[in-house]
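Asks: First the structure, which I've put down as structure tokens, then a few questions once you've had a look.
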């Protein structure tokens, strides 16, 4: 075996032989039950329509039309600012594929976002069987429209004619060759990449002509993306400033760089905190979304995919290495996303102005200038 047909591994140390033949130990935990799925994924969606509670803006419609056209012949990078409505932009392309009786998948790095998107798309494509496949939800793996974590793509080797890759620059997909090979092997047609922070690899593919880029820097409510304010101060003063700032009646998400800091700050402020190790993630998020709680502390687990109304952001120690440029852009993009609350405050409390902080500010300001000219 020169390379694994599932994960693309070429390291001979991972290959072994069993009574059933040679196999790859790097991905065996994923592919051991793949044969159970074969032959199941076949459906007829007819002339499927989708329903939105609001019309697309002119900018969104133009981007959507470009995506529908380009996705027929090429992979597409949708480079849109946070809150631009990336989900809505690809609905037309999904509809076109389904009407043509093609198989469509939507892969996302994080489980929580899969579940939220499943609920959302079920309301949009009301006649479709929208299935979420992720940890704790693997009883059903076939349906009209399949949403899954990138880890679950091993199940769908060669199935999808159109595969939406949501936030491909996010952990754990970014830099993971095994997951990247799962994605390539799952898609026999075209791929659409959705992100506000494309990494160098994606931009390189655009520059090489292997992918078409569609950009959208306008939010549908017509307001600019909130530009973070940077406050430079010593570490201890950062805590004092934060405590004073959150005394008002506004709702705040406080982003911290480590799980330990999240736990300690939660104890001090008597507020909920969310990390990758939190067992009740859904309950914590829903409690904050329903406005039962005014303050929530989070690590970068909450930087993408989850939307809240009427929130303000503080990034504590924004100069910490865990907050790279993409992370800070995504965190800033949580503010001002809804029509009812298009503005808000985003503060970076920092001991120094790092290249990541500077890059974040420049990216957001450049996007706003391209739309508003200021």
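Asks: Considering only residues of region 158-173 that are part of a loop (DSSP other than H, G, I, E, B) and under 17 Å from residue 78 (Cβ atoms), which is nearest to the chain's Cα centre (by Cα)?
Replies: 167
Asks: Please go through region 247-263 and pick out each residue that is surrounded by fewer than 18 Cβ atoms within 10 Å (Cβ to Cβ) and either without any contact (Cβ under 8 Å) to a residue 24 or more places away in the chain or under 28 Å from residue 320 (Cβ atoms) (or both).
Replies: 247, 248, 250, 258, 259, 260, 263
Asks: Going by what's in this entry, would residue 339 be described as part of a helix (DSSP H, G or I) and more than 19 Å from the chain's Cα centre (by Cα)?
Replies: Considered against the rule, which asks whether it is part of a helix (DSSP H, G or I) and more than 19 Å from the chain's Cα centre (by Cα), residue 339 comes out as no.
Asks: Tell me, yes or no, whether region 229-251 has at least one residue that is in the same structural domain as residue 354 (by TED's automatic domain parsing), in contact with a helix residue (DSSP H, G or I) (Cβ under 7 Å, 6 or more places away or on another chain), more than 25 Å from residue 343 (Cα to Cα) and at pLDDT 95 or above.
Replies: Yes, region 229-251 contains a residue that is in the same structural domain as residue 354 (by TED's automatic domain parsing), in contact with a helix residue (DSSP H, G or I) (Cβ under 7 Å, 6 or more places away or on another chain), more than 25 Å from residue 343 (Cα to Cα) and at pLDDT 95 or above.
A quick yes/no check of all residues on (1) without any contact (Cβ under 8 Å) to a residue 60 or more places away in the chain; (2) closer than 20 Å to residue 357 by Cα; (3) in the same structural domain as residue 7 (by TED's automatic domain parsing):
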{"site": "171", "(1), (2), (3)": "no, yes, no"}
{"site": "178", "(1), (2), (3)": "no, no, no"}
{"site": "181", "(1), (2), (3)": "no, no, no"}
{"site": "185", "(1), (2), (3)": "no, no, no"}
{"site": "189", "(1), (2), (3)": "no, no, no"}
{"site": "201", "(1), (2), (3)": "yes, no, no"}
{"site": "204", "(1), (2), (3)": "yes, no, no"}
{"site": "207", "(1), (2), (3)": "yes, no, no"}
{"site": "223", "(1), (2), (3)": "no, no, no"}
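Asks: Out of the residues in region 107-145 that are in contact (Cβ under 8 Å) with a residue 60 or more places away in the chain and assigned to a strand (DSSP E or B), state the one that is farthest from residue 93 (Cα to Cα).
Replies: Of everything passing the filter in region 107-145, 108 is farthest from residue 93 (Cα to Cα).
Asks: Sticking with this one: Give the residues of region 146-157 that are more than 15 Å from residue 173 (Cβ to Cβ) and outside any helix (DSSP H, G or I), sorted by residue number.
Replies: Listed by number, the residues that qualify are 146, 157.
Asks: On the given criteria, is residue 193 outside the structural domain of residue 330 (by TED's automatic domain parsing) and more than 21 Å from residue 96 (Cα to Cα)?
Replies: Taking the combined requirement at face value, the residue does not satisfy it.
Asks: Another question, if that's okay. Working carefully through the options 306, 322, find the one that is more than 19 Å from residue 85 (Cα to Cα) and touching a residue at least 24 places away in the same chain (Cβ under 8 Å).
Replies: None of the others qualify; the one that does is 322.
Asks: Can you give me the number of residues within region 275-297 that are over 19 Å from residue 115 (Cα atoms) and either touching a strand residue (DSSP E or B) at 6+ places or on another chain (Cβ under 6 Å) or outside the structural domain of residue 313 (by TED's automatic domain parsing) (or both)?
Replies: 4
The values are calculated or read from the model by the stated rules, or taken from the named source; none is laboratory data. None of these values were measured; they are calculated from a predicted model. With ideal geometry, Cβ positions are generated from the backbone for all residues, glycine too; neighbour counts draw on all protein chains shown.
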